[in-house]
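Participant: Have a look at the structure that comes next, please.
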Amino acid sequence: MSGSSKKVVLLFAMIALVAAGAVVYHRYHESAHAPTAVAASARPAAQMARTKAQAIDALMALPELKAWSAHIEKASGGTAHGAVLDDETAMKVIDGKNYWTLSFVENSKDAAHRWETFLVAATGDEILVDDMNDERQLTLAQWRAETRPMERIAKEAVPAPTEAGPAPVPAPPP
């Protein structure tokens, strides 16, 4: 065998050795990490931990809060805005489950007026409404049925009656 043919054979032998090593390495890591990857992918997305920022995003995605924010902006001529404020630094625990305590407020340069307080689950997709009058927590469905939150802005959009009373009705022609 000539010198150049020995180099070619040696080169192919090294390539085969590297390829075999890569296959062994890949199979080892695939088998060693497969249960972890499967367990993570089998875990439902609803059970993933939610950050405070994600909880605020989930809350602001509610149709009621979107409508309230638009109403506040329009009714104030842009001087006030709907916003979510964090009420507590520690999570609230209800039935062994952690919740972020967040309030939707009407935020102006002078003050922030609370409209509603919500409890957003740190895991899962649950959002509760904290009924401070009765010291109970309502599901979104209960809150919508019992308090009809969209009516709040419908009532505020209707102009208030004037002190003078209703306009006089013209008399029919003779």
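Participant: Extension gain ASP86-ALA112, at 0.36 nm per residue separation less the Cα-Cα distance, in nm?
Facilitator: Details: separation 26, 0.36 × 26 = 9.36 nm, distance 1.25 nm.
Taking 0.36 nm per residue and subtracting the Cα distance, the gain is 8.1 nm.
Participant: Let me ask something additional. Got a sec? What order do LEU140, LEU102, LEU85 fall in by accessible area at 1.4 Å, biggest, i.e. largest, first?
Facilitator: Values: LEU140 30, LEU102 0, LEU85 75 Å².
If we order LEU140, LEU102, LEU85 from most to least accessible, we get LEU85, LEU140, LEU102.
Participant: Further question: Of MET91, MET132, which has the most accessible area with a 1.4 Å probe, and how do the rest follow in descending order?
Facilitator: Details: MET91 65, MET132 100 Å².
Ranking MET91, MET132 by accessible area, largest first, yields MET132, MET91.
Participant: While we're on this one: Please list LYS97, LYS74 in order of solvent-accessible area, largest first, computed with a 1.4 Å probe with all protein chains present.
Facilitator: LYS74, LYS97
The values are calculated or read from the model by the stated rules, or taken from the named source; none is laboratory data. Note that the coordinates shown come from a computational prediction; the quantities given were computed from them, not determined experimentally. Just so you know, the surface numbers come from the protein's heavy atoms only, side chains and all, with ligands and any DNA or RNA stripped out. Shrake-Rupley method; radii C 1.70, N 1.55, O 1.52, S 1.80 Å.
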